[in-house]
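Asks: Take this structure, written in structure tokens, and hold onto it; I'll ask about it next.
The values are calculated or read from the model by the stated rules, or taken from the named source; none is laboratory data. Bear in mind that the values here come from a model prediction, so they are computed numbers and not experimental data. Virtual Cβ from ideal backbone geometry, glycine too; neighbours counted across all protein chains shown. Ligands, DNA and RNA are stripped out before the accessible areas are found, and what is left, the full protein with its side chains, is counted by its heavy atoms. Shrake-Rupley method; radii C 1.70, N 1.55, O 1.52, S 1.80 Å.
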There are 2 protein chains.
Amino acid sequence: MNFLEERIVKDGIVKEGNVLKVDSFLNHQMDIALFEQMGEEFKKRFEGCNINKILTIEASGIGIACIVAKYFNAPVVFAKKSKSINIEGEMYCADVESFTHKNVNQVIVSKKFLGPEDHVLIIDDFLANGCALQGLISIVNQAGGTVEGIGIAIEKGFQVGGRIIRNLGIKLESLAIVDGMDAATGTITFREQ
Amino acid sequence: MNFLEERIVKDGIVKEGNVLKVDSFLNHQMDIALFEQMGEEFKKRFEGCNINKILTIEASGIGIACIVAKYFNAPVVFAKKSKSINIEGEMYCADVESFTHKNVNQVIVSKKFLGPEDHVLIIDDFLANGCALQGLISIVNQAGGTVEGIGIAIEKGFQVGGRIIRNLGIKLESLAIVDGMDAATGTITFREQ
């Protein structure tokens with residue numbers, strides 16, 4: 001097990017319905033030293049990639065993205081969730097279905113901060129059905145930029161998102177891939193990487 | 001002028017209605033090297049304070065809080081904006097009026113992550129009327145914790161928030177205090193500190 005898998009086993013809580021709670025260190029309380037280990041690991045995994053911008057989505061991706069960004073000397077842009085319809089042509093936008101909240105959000109990024117010159121590493125905390133990532137990929141494509149890769153903390157390997165993204169030919173690196181969980185015993189099965 | 005005031009003059013945009021846009025470096029695209037300078041400066045200004053936790057509010061406070069947290073070796077907790085009414089006693093909550101969006105959000109923090117043992121530095125990007133900060137202070141008080149101080153990137157000195165917070169006897173440090181703006185000329189007047 002790597003450092004993140006060990007931490008998930010130690011502090012993650014498995015709940016009914018394939019819910020994995022990691023809010024004590026990842027997405028409500030945030031362990032910055034852990035995020036720095038994640039930054040080092042992503043730097044290794046995306047060695048040689050020409051990355052000049054980090055893209056994430058509010059809210060829980062922002063903390064990880066900011067710490068990871070230090071390892072790439074790149075600024076972070078975060079996509080905002082918006083219900084507003086009046087976008088005025090100043091924004092890239094994409095529809096994103098939320099697995100957690102069971103609704104559709106419009107996700108927006110100002111056209112000022114993404115363009116054809118950008119080589120983008122997308123960072124997020126969770127990958128499940130992949131809808132958020134597909135929205136971010138769409139936004140980079142609208143900007144004429146290049147998705148150099150995607151770095152995820154925890155992928156739910158038993159959901160379709162990872163397969164869809166990898167089938168697109170995009171370099172996707174998940175630090176922990178959960179292939180199964182058992183709420184009764186609290187057991188978590190990780191994919192060998 | 002300090003480093004942040006210089007950056008605001010260089011890249012901030014003054015709009016009608018006392019709006020200061022700093023989305024190219026602070027709250028949409030985020031300059032991580034600038035955030036590190038902010039972390040160093042807050043570390044100096046809160047020297048000697050016994051801080052073991054950073055508290056912020058989603059979304060634009062999170063990036064600054066995570067970088068600042070490195071300088072205090074403390075975890076970050078971010079308060080979530082929620083419309084849900086059913087809180088089940090697991091959460092501290094406070095009502096927060098939004099100056100930008102002209103509505104009221106409930107702001108929540110899990111009781112697991114704040115308690116009487118916590119000495120909290122509250123971090124946010126903007127201080128205007130102070131409603132968000134009052135909500136965060138209320139949450140720390142509900143937890144029985146101690147607000148050691150508040151660190152803000154940009155305070156709008158011509159609005160009431162800063163005066164209210166300082167009148168509460170809380171140590172409030174704003175890296176830039178804007179006392180006036182002129183949209184016609186783009187001029188920004190900073191308070192001498």
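Yes/no matrix, rows are residues, columns are (1) facing chain A (nearest Cβ under 8 Å); (2) farther than 26 Å from B:Arg7 by Cβ:
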position	(1), (2)
B:Ser24	yes, no
B:Glu40	no, no
B:Asn52	no, yes
B:Ile62	yes, no
B:Ile67	yes, no
B:Ala79	no, yes
B:Tyr92	no, yes
B:Asn105	no, yes
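Asks: Right, here's the next one. Out of all the residues in the stretch A:3-40, which are under 18 Å from A:Leu172 (Cα atoms), open to solvent by 10 Å² or more (accessible area, probe 1.4 Å) and in contact with a strand residue (DSSP E or B) (Cβ under 6 Å, 6 or more places away or on another chain)?
Replies: A:Glu5
Residues checked against (1) modelled with pLDDT of 95 or more; (2) within 11 Å of the chain's Cα centre (by Cα); (3) among the basic types (Lys, Arg):
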{"residue": "B:Leu34", "(1), (2), (3)": "yes, no, no"}
{"residue": "B:Glu40", "(1), (2), (3)": "yes, no, no"}
{"residue": "B:Arg45", "(1), (2), (3)": "yes, no, yes"}
{"residue": "B:Cys49", "(1), (2), (3)": "yes, no, no"}
{"residue": "B:Ile62", "(1), (2), (3)": "yes, yes, no"}
{"residue": "B:Cys66", "(1), (2), (3)": "yes, no, no"}
{"residue": "B:Tyr71", "(1), (2), (3)": "yes, no, no"}
{"residue": "B:Ala74", "(1), (2), (3)": "yes, no, no"}
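Asks: Okay, moving on. In the stretch B:41-57, how many residues are assigned to a loop (DSSP other than H, G, I, E, B) and over 18 Å from B:Gly115 (Cβ atoms)? Write out each step before concluding.
Replies: If we filter the stretch B:41-57 for residues that are assigned to a loop (DSSP other than H, G, I, E, B), which is where we start, we get B:46-52.
Now drop any that are not over 18 Å from B:Gly115 (Cβ atoms), which leaves B:46-49.
Within the stretch B:41-57, residues that are assigned to a loop (DSSP other than H, G, I, E, B) and over 18 Å from B:Gly115 (Cβ atoms) number 4.
Asks: Restricting to the stretch A:82-133, what's the tally of residues that are modelled with pLDDT of 90 or more and not acidic (Asp, Glu)? Walk me through how you get there before you give the answer.
Replies: As a first pass, look at the stretch A:82-133 and keep what is modelled with pLDDT of 90 or more: A:90-95, A:106-133.
Filter again for not acidic (Asp, Glu), leaving A:91-94, A:106-116, A:119-123, A:126-133.
Summing the residues that are modelled with pLDDT of 90 or more and not acidic (Asp, Glu) in the stretch A:82-133 gives 28.
Asks: What is the one condition in (1) assigned to a strand (DSSP E or B); (2) open to solvent by less than 60 Å² (accessible area, probe 1.4 Å) that B:Cys66 does not satisfy?
Replies: With (1) assigned to a strand (DSSP E or B); (2) open to solvent by less than 60 Å² (accessible area, probe 1.4 Å) applied to B:Cys66, the lone miss is (1).
Asks: Something else about it: Counting only residues that are more than 16 Å from the chain's Cα centre (by Cα) and within 14 Å of chain B (Cβ to nearest Cβ), how many does the stretch A:118-144 have? Show your work before the answer.
Replies: Keep residues of the stretch A:118-144 that are more than 16 Å from the chain's Cα centre (by Cα), which gives A:118-119, A:141-144.
Now narrow it down to the ones that are within 14 Å of chain B (Cβ to nearest Cβ): A:118, A:143.
Within the stretch A:118-144, residues that are more than 16 Å from the chain's Cα centre (by Cα) and within 14 Å of chain B (Cβ to nearest Cβ) number 2.
Asks: Can you tell which of B:Val147, B:Val178 is assigned to a strand (DSSP E or B), among the aliphatic types (A, V, I, L, M), more than 14 Å from chain A (Cβ to nearest Cβ) and without any contact (Cβ under 8 Å) to a residue 40 or more places away in the chain? Give the derivation first.
Replies: Values: B:Val178 fails: without any contact (Cβ under 8 Å) to a residue 40 or more places away in the chain.
Being assigned to a strand (DSSP E or B), among the aliphatic types (A, V, I, L, M), more than 14 Å from chain A (Cβ to nearest Cβ) and without any contact (Cβ under 8 Å) to a residue 40 or more places away in the chain holds for just one of B:Val147, B:Val178, which is B:Val147.
Asks: Another question, then. Pairs, please: C-beta under 9 Å, at least 6 apart or cross-chain, first residue over 16 Å from A:Gly157 (Cα atoms) and touching a residue at least 60 places away in the same chain (Cβ under 8 Å) and in the stretch A:123-141, second of a type in the set (S, T, N, Q) and crowded, with 24+ Cβ neighbours inside 10 Å?
Replies: A:Ile123/A:Thr56; A:Leu136/A:Thr56
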